[in-house]
Amino acid sequence: MHRRMLAIGTALAAAVALTISGCASGNTVAGPEARTKHGPITIWYSNNAQEVTWGKGLVSSWNKDHPDEPIKAQEVPAGKSTEEVIGAAITAGTTPCLVFNNLPAATGQFQKQGGLVDLSKFPGADAYIEARSGKTADQYKSPDGDYYQMPWKSNPVMMFYNKKVFAKAGLSTTDPKLSTYADFLAAAAKIKATKAAPFAIYPAATSEFFQPNFDFLPLYAAETGGTGLLNADQKATFDNAAGKDVTDFWKTVYAKGYAGKDQLQGDAFATGQAAMAMVGPWAVASYKGAVDWGVVPVPTKDGTAASKTWTFPDAKNAAMYASCKNQGTAWDVLKYATSPAQDKALLQTTGQMPIRKDLASTYADYFAKNPSYQEFGAQAARTVDDPTGPNSTAVLQAFRNFYTKAVISGDGSLDDQLAAAAAKTGQLAVQK
């Protein structure tokens, strides 16, 4: 599944950090003249079946019209994670020109490693990126104010619910009351009491750095109206009333047994182990024929209208790598791949949301014909992502370590540990 393709544990995060800080003698960096050079390039894209289809279509279309600048493409090579593969390729100097599968939180690491091209150096690049993605683009700037990644596609996280399970629990299948924490907990209590499903919800209880993106961060974004873990000064934001409300909510979910604490094989929602799941539109195709589902925005403490609810985007972006010798062509391909026509092809092929302002109205015909995706098209306009600094994965890992102990396990004072986690993540964010 989409989120599990990101799997990278604490040990792996340390290995990536070692790669970045350690010897990079094999690193190949093209000179500044590469920015205007044209010719063949290579690209990598995800091994997700729908994205492979989109990627092959992109390559075929480009190569037909640009025989002197052909694209050679492949799926991201196999490894424990895309991030590990890219980090190792930067060190070895074997990166392609473009990768269409960049995790925003890892971009700062790749930049620190010297592996990325500053897209803002191309004439008109900032204007192009911001015209396409609007204000959403701002969160993908690096701390120096430039773009080292092209905002590309998102999978805004929402709350899926199993209609069959809800009916069994005596809950509405057409208008479920899930908008507030109290509503959610009441529904979870009925699911448990009626044994409609073993668990109300089952977020991964494992310790990988990215797991806050699928439990804490969607609710924190919703509760704060679009605040991320760090502010513009790289200081933690979450030691506040909203952070305490969100962590206390999740601590209650675990304490009452509404969510499991053990690692499961497979998808708890798809297999009927959980009545609800927080996932993005990539899951629509995955659950087709397996679950009769509905979807609503993630809950907030007191309830928020769907049109004002924020969430986590689960985005993947595109980036250009410093070993690329024909960066002029690579930049042209980046623009081609994010054109209105290719964005529509991506939407139609994958069901994932291009990071494009006015998405719902730009592709109104698609959403009219595919109502299962309408809520996600609307939600895509209100998302906040992970920080993009050089130590973002370490920041997220420190937060996850706190969350595992204080929230999932319920050990110690939540307020004290939240304050300590805020101090720790703030220190890590600015660490050289």
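Worth pointing out:
- Any hit, region 403-418, residues being crowded, with 21+ Cβ neighbours inside 10 Å, free of Cβ contacts under 8 Å to residues at least 60 places away in the same chain, assigned by TED's automatic domain parsing to the domain that holds residue 305 and over 30 Å from residue 69 (Cβ atoms): no
- Screening 279, 296, 246 for residues that are at pLDDT 95 or above, under 24 Å from residue 136 (Cβ atoms) and surrounded by fewer than 20 Cβ atoms within 10 Å (Cβ to Cβ) leaves exactly one candidate, 296.
- Some residue of region 290-312 being farther than 26 Å from residue 200 by Cβ and assigned to a loop (DSSP other than H, G, I, E, B): no
- For the criterion of being among the aliphatic types (A, V, I, L, M) and in contact with a helix residue (DSSP H, G or I) (Cβ under 6 Å, 6 or more places away or on another chain), residue 76 passes.
- Matching residues, region 180-207, being within 26 Å of residue 401 (Cα to Cα) and not aliphatic (A, V, I, L, M): 181, 184, 199, 202, 203, 206, 207
- Selection status of residue 381, outside the structural domain of residue 295 (by TED's automatic domain parsing) and over 23 Å from the mean Cα position of the chain (by Cα): no
- Output for region 26-69, where each listed residue is within 30 Å of residue 286 (Cβ to Cβ), among the β-branched types (Val, Ile, Thr) and touching a strand residue (DSSP E or B) at 6+ places or on another chain (Cβ under 8 Å): 42, 43, 52, 59
- Candidate set: region 216-255, residues that are among the hydroxyl-bearing types (Ser, Thr, Tyr) and outside any helix (DSSP H, G or I); chosen: the one farthest from residue 382 (Cα to Cα): 237
- Total residues in region 214-241 satisfying the condition of being under 25 Å from residue 305 (Cβ atoms) and surrounded by fewer than 23 Cβ atoms within 10 Å (Cβ to Cβ): the figure is 9.
- Flag if residue 103 is in the same structural domain as residue 37 (by TED's automatic domain parsing) and under 19 Å from residue 36 (Cα atoms): no
Each row is one residue, and each column tells you yes or no for (1) over 20 Å from residue 414 (Cα atoms); (2) surrounded by 17 or more Cβ atoms within 10 Å (Cβ to Cβ); (3) free of Cβ contacts under 8 Å to residues at least 40 places away in the same chain.
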{"position": "155", "(1), (2), (3)": "yes, yes, no"}
{"position": "158", "(1), (2), (3)": "yes, yes, no"}
{"position": "256", "(1), (2), (3)": "no, no, no"}
{"position": "263", "(1), (2), (3)": "yes, no, no"}
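- Flag for residue 321 being buried (at least 23 other Cβ atoms within 10 Å of the Cβ) and assigned by TED's automatic domain parsing to the domain that holds residue 113: yes
To keep it simple, each residue is scored yes or no on (1) in a loop (DSSP other than H, G, I, E, B); (2) touching an Asp or Glu at 6+ places or on another chain (Cβ under 7 Å).
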{"position": "42", "(1), (2)": "no, no"}
{"position": "50", "(1), (2)": "no, no"}
{"position": "57", "(1), (2)": "no, no"}
{"position": "105", "(1), (2)": "no, yes"}
{"position": "128", "(1), (2)": "no, no"}
{"position": "133", "(1), (2)": "no, no"}
{"position": "147", "(1), (2)": "yes, yes"}
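- Of all residues making up region 130-140, the number that are under 22 Å from residue 112 (Cα atoms) and buried (at least 18 other Cβ atoms within 10 Å of the Cβ): 3
- Selected residue (criterion: farthest from residue 133 (Cα to Cα)) from residues of region 325-366 that are surrounded by fewer than 21 Cβ atoms within 10 Å (Cβ to Cβ) and acidic (Asp, Glu): 365
- Where residue 187 falls short, out of the listed (1) surrounded by 16 or more Cβ atoms within 10 Å (Cβ to Cβ); (2) outside any helix (DSSP H, G or I); (3) in contact with a strand residue (DSSP E or B) (Cβ under 9 Å, 6 or more places away or on another chain): (2)
- Restricting 251, 308, 261 to those that are more than 27 Å from residue 48 (Cβ to Cβ) and within 22 Å of the chain's Cα centre (by Cα) reduces the list to 308.
- Some residue of region 119-134 being among the polar types (S, T, N, Q), out of contact with any Gly (no Cβ under 8 Å at 6 or more places or on another chain) and within 30 Å of residue 247 (Cα to Cα): no
- Scanning region 107-126 for residues that are without any contact (Cβ under 8 Å) to a residue 24 or more places away in the chain and outside any loop (DSSP other than H, G, I, E, B) turns up just one, 126.
- Residue 430 satisfies every condition listed in (1) touching a residue at least 40 places away in the same chain (Cβ under 8 Å); (2) aliphatic (A, V, I, L, M); (3) buried (at least 17 other Cβ atoms within 10 Å of the Cβ) except (3).
The values are calculated or read from the model by the stated rules, or taken from the named source; none is laboratory data. Remember, predicted model here, so these are calculated numbers, not experimental data. In this analysis, Cβ positions are derived from the backbone assuming ideal geometry, glycine residues included, and neighbour counts consider all displayed protein chains.
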